[in-house]
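A.B. asks: Have a look at this one before I ask anything.
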Amino acid sequence: MTDIIEAVVGVCTDSRTAMVLTDEFHNISLTSRHGAEVADALKYFAERLAATFVYTGVDISESGLLSGTRGTQMAGRFTLIPSRPFPCNSEWKAWSPPWRTPCGCTTTAPAHSQAWTASCTTTPAA
């Protein structure tokens, strides 16, 4: 495992990685051996890479992930920024990548145009 971690650090350093995004952060279980290894690897990356780390997950503050010895150490390394679902409004539709939009929105692009059109097929949750 150490060889893989060192290889990742080497590639990220060589490519001047500026941001590391980690999704599904809530699925790390610090009580399991594998979860502890994942947490240690993330800690190692953060100590060795000059990059911004963004961890996303569902109900992280309520999950217990940031409690206990290892969880408290992890919590001390970042700032928790709560967020909520993006509304399916005109601002989001204008920004959202055409191949994927939230809340059931669909997008199409005419072959002759750079403009994207979007229509929302569901009512977003507030």
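The values are calculated or read from the model by the stated rules, or taken from the named source; none is laboratory data. These numbers were taken from a predicted model, which means no experiment stands behind them. As a convention, Cβ positions derive from the backbone with ideal geometry for all residues, glycine included, and neighbour counts pool all protein chains shown. The area values use the complete protein model at the heavy-atom level, side chains included, leaving out ligands, DNA and RNA. Shrake-Rupley method; radii C 1.70, N 1.55, O 1.52, S 1.80 Å.
A.B. asks: So LEU42 fits all but one of (1) under 22 Å from SER67 (Cα atoms); (2) open to solvent by 70 Å² or more (accessible area, probe 1.4 Å); what number is the exception?
C.D. replies: Among (1) under 22 Å from SER67 (Cα atoms); (2) open to solvent by 70 Å² or more (accessible area, probe 1.4 Å), the lone unmet condition for LEU42 is (2).
A.B. asks: Applying the selection to the range 54-67, what residues are farther than 12 Å from SER29 by Cα and over 17 Å from the mean Cα position of the chain (by Cα)?
C.D. replies: Residue satisfying the conditions is GLU62 alone.
A.B. asks: Just need a number here: residues in the range 9-60 that are part of a helix (DSSP H, G or I) and out of contact with any Phe, Trp or Tyr (no Cβ under 7 Å at 6 or more places or on another chain).
C.D. replies: Final tally of qualifying residues: 22.
A.B. asks: Next question, about the same structure. Looking only at the range 78-87, decide whether some residue is more than 30 Å from SER29 (Cβ to Cβ) and modelled with pLDDT under 85.
C.D. replies: Among the residues of the range 78-87, at least one is more than 30 Å from SER29 (Cβ to Cβ) and modelled with pLDDT under 85, which makes the answer yes.
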